[in-house]
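Written below as structure tokens is the structure these notes are about.
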């Protein structure tokens, strides 16, 4: 696996070097992907929506766990503890923990869905940006080795952030 990653990096660097060498008149830029993702208004909106859903679910499970704890204390303090009481409590406990697990799974699915929506929208806007601003190549910098060095003059991250947020808010294409 490590060899495959190294090979991918070598191929990427070779291709970019060839493009830079053979296309000296081409317009090339790079975008800090992490910075763009965090500054994208649509991502911020979906994160807010996600947190609202997650917090609502958390309030529900907190309330149910509190009721479960109250039931446990009542059973503990009760003089008439029976097998039937224990069965009811165990069923209640299983139900609460099953709901907690279900909410955790639902939260993970929702978060993945939101991330996919953000990435798809960013990709569309970045493509528009590149075309409308005459770029031949826009490369994503993610601090994981895909770009080993880039002249800061080629960094168009701030322009792309402004562009994608303008497009998200209903603005027109172009600068």
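The values are calculated or read from the model by the stated rules, or taken from the named source; none is laboratory data. As the structure is a computational prediction, the values presented were derived from the model and not from experiment. Ideal geometry is used to build each Cβ from the backbone, glycine not excepted, and the neighbour counts take in all protein chains shown.
A single member of 93, 79, 43, 48 is out of contact with any helix residue (DSSP H, G or I) (no Cβ under 7 Å at 6 or more places or on another chain) and either surrounded by 11 or more Cβ atoms within 10 Å (Cβ to Cβ) or assigned to a loop (DSSP other than H, G, I, E, B) (or both), and it is 79.
Of all residues in region 114-146, those satisfying the criterion of being more than 19 Å from residue 38 (Cβ to Cβ) and outside any strand (DSSP E or B) are 127, 128, 130, 131, 132, 133, 134, 135, 136, 145.
For every residue, the table says whether it meets (1) under 24 Å from the mean Cα position of the chain (by Cα); (2) at pLDDT below 95.
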| site | (1), (2) |
| --- | --- |
| 2 | no, yes |
| 24 | no, yes |
| 33 | yes, yes |
| 41 | yes, no |
| 47 | yes, no |
| 55 | yes, no |
| 75 | no, yes |
| 107 | yes, no |
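In the set 126, 161, only one residue is out of contact with any helix residue (DSSP H, G or I) (no Cβ under 6 Å at 6 or more places or on another chain) and either surrounded by 13 or more Cβ atoms within 10 Å (Cβ to Cβ) or touching a residue at least 60 places away in the same chain (Cβ under 8 Å) (or both); that residue is 126.
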